[in-house]
Amino acid sequence: MKKKLAILTNGWSNYFIEDFVKGVKKALKESDTDIYLFSCYDFTEFSGYPNFNGYSIYRLVNYEDYDGVIILADLIKNPRILEKERQRILQAKVPAISINAQLKDIPCIKIDNYSGFYELICHLIKEHGVKEFAYFTGKENSIDFSERYKAYRTALQDNGITLNPQKTYTVERTNYQCAYESIDEILKDPEQRPQAIVCASDLMAMAVIKRADELGIQIPQELKVIGYDDLVFSSSMNPSLTTVKSNADIVGYEAARKVMAGYFDLEVIKIKSSPVYRVSCGCTEENSDKQKRLPIDIMSYSNENETFNSHLEIMDEIFTEATDVFTLMTNLDIFFQKSHHFEGSDFCIFLKSDWTSVLINTAETLPANLNYGNQMQAITSIQNNEKYPREIINTRDLMPSKMKTESNNLYLFMPIYNHSYVHGYFVCKNNLLMLREHYGYRWTMAFGSAVERFRKQNMFKQMSQQYLRLSTRDALSGTINRVGLEKIAKPFFAQNKKNGLTTVLFFVDINKMKFINDNFGHLHGDLAVKTIAAAVMEVIPKNWLPIRYGGDEFLVVGNSKNYKGEDYCKIITDRITKKTSIMKLPYLLSASVGTYSVPPNSTMTLEEAVEKCDEMMYEVKEAFHRQHPEMG
């Protein structure tokens, strides 16, 4: 039986994760094992609130179903979540290994950030004669960065160089943008400028080199720069960047090999990081071919990023323009059938089994819910680049059986959610493109936001319809009021013409309404209005419009779609007679009814047609008056 390895991570450190997974795959190459990678992203909302709800993806992991678990604990910076998963792993009694951060009673493999960085600082001092340093880092609170700074301090001390605290610069994050915006403080004053700037990440080092070039500072002749991570562009940029390779692939290899062998030794294993000497520290390197490729790589990345943005925009438009759930699902299917480069050749988008009721939920804000439930429905499923029928699966199965093949596979899972409500998840097979450049974060956030926006569009649509119903409804009779005549009846009349349907009108006028009000009071007058209205609405077809046209007048607007010439004048008056016969009223309650039809090719307006219908009704009313002179 095929084995299963679960890996839990946070997707922000995408370069590290990709290298780590390469090592894992290498270790499992000869074994019959599938890799299940559960990835998410924490972030800070615009309000300043830290959102950790993406970690709900770990709730899909039933540890009893796996033969081993690797948790990249240093990347998961939420102690509460780490402790919860630690307890679940131990309860399942499944072999597990933590990476770079120790979890109680779970074996740990750590990258020795210290050794590679220490060796590199010593290299600058001994090989290149550097004595004046500046250290450039971010505010991130992690073991990695603290070990790098410790290596920097110790290397200076061991080589007889006094650490100058004023030459340690801290910015918000160890990324390119923060570094680029802050580096002028170090670079612009030649007298204060150090011989070397040691950066806590390659991205910061790249920003330093870029800004130094803009200021005309030659590297490495006037300034030496080093980083950490050995990112993709580090070797191909000009000058190539001296850095430290974390050897994440070796860590992944060792972790997978040991956990699948049932390793339970709690002794911490350390994997050494390795210095990589290149031009930015003063070393020579034959790197012309890589540097020639750099513009092509950058252009390729730029084009891919632009294509991805366009992909998200189209997906967003589908949600925005859909008027109902069926249209939304159909258009998503068509879109992903044609365009799924980033999602891969095999993927599914799952929403919770109650997703249709959620999409039409009219609550202003959905209640917090980070559970996935017992069943999931695939709203889009692509297998081998072909559309696959939608299906409902048990949540524990995670994916359709068709996705599970005999060859070794890697499955990537990411949550789809908005704020504190989980809608579902995305799963793809043998495709890590979503991890690159944080595409996964942008994709899942865009999809989750689009689902919520579609829900609110429906909410506002329903509220608008409800408001229309309330604003166009006559409170006493329950029929449409005169406002509804403008907003509902006129469009209905125009649509009849457009559809080639004859409009049929019936005008109903309560007989001797003044006599009833004057002799029996307005409560009886109200009863008369409600009784006649009820009789009319009971007998006319459901799609016809009953309208209270005046105090004692009703207009019925229908069409020939479900009308075969029935004598609704008689049908209405018969129903009134039947209703009033059991009411034992102290007066005769009846109504006069007239009818008129407007062919679809007629140029007559609704107002003109109503006037004609009123005339027909008036003839009937005059006949009633002649028959009942006693009612005045």
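The values are calculated or read from the model by the stated rules, or taken from the named source; none is laboratory data. From a predicted model like this one, the values you see are computed outputs, not experimental measurements. Virtual Cβ from ideal backbone geometry, glycine too; neighbours counted across all protein chains shown. The accessibility values were calculated without ligands, DNA or RNA, using every heavy atom of the protein model including side chains. Shrake-Rupley method; radii C 1.70, N 1.55, O 1.52, S 1.80 Å.
Points worth noting:
- Residue within region 32-44 that is touching a residue at least 24 places away in the same chain (Cβ under 8 Å), under 24 Å from residue 434 (Cα atoms) and out of contact with any Phe, Trp or Tyr (no Cβ under 9 Å at 6 or more places or on another chain) present: yes
- Scanning region 442-458 for residues being touching a helix residue (DSSP H, G or I) at 6+ places or on another chain (Cβ under 8 Å), open to solvent by 10 Å² or more (accessible area, probe 1.4 Å) and closer than 13 Å to residue 422 by Cβ gives a total of 0.
- Count of region 197-218 residues which are in contact with a Phe, Trp or Tyr (Cβ under 9 Å, 6 or more places away or on another chain) and not in a helix (DSSP H, G or I): 5
- The residues of region 400-421 that are surrounded by 24 or more Cβ atoms within 10 Å (Cβ to Cβ) and either farther than 12 Å from residue 54 by Cα or touching a Lys or Arg at 6+ places or on another chain (Cβ under 8 Å) (or both) amount to a single one, 412.
- Candidate set from region 605-628 (those that are open to solvent by less than 40 Å² (accessible area, probe 1.4 Å) and touching a Lys or Arg at 6+ places or on another chain (Cβ under 9 Å)); member that is farthest from residue 511 (Cα to Cα): 606
- The single residue among 152, 63, 135, 58 that is open to solvent by less than 10 Å² (accessible area, probe 1.4 Å), closer than 18 Å to residue 200 by Cα, free of Cβ contacts under 8 Å to residues at least 60 places away in the same chain and in contact with a strand residue (DSSP E or B) (Cβ under 9 Å, 6 or more places away or on another chain) turns out to be 152.
- Selected residue (criterion: farthest from residue 555 (Cα to Cα)) from residues of region 467-491 that are assigned to a helix (DSSP H, G or I) and of a type in the set (Ser, Thr, Tyr): 467
- Hits in region 332-363 - residues which are of a type in the set (Ser, Thr, Tyr) and either in contact (Cβ under 8 Å) with a residue 40 or more places away in the chain or part of a loop (DSSP other than H, G, I, E, B) (or both): 339, 345, 353, 362
- The one condition in (1) open to solvent by 30 Å² or more (accessible area, probe 1.4 Å); (2) at negative phi that residue 558 fails to fulfil: (1)
- The listed residues are 119, 140, and the only one of them that is farther than 30 Å from residue 88 by Cβ and surrounded by fewer than 20 Cβ atoms within 10 Å (Cβ to Cβ) turns out to be 119.
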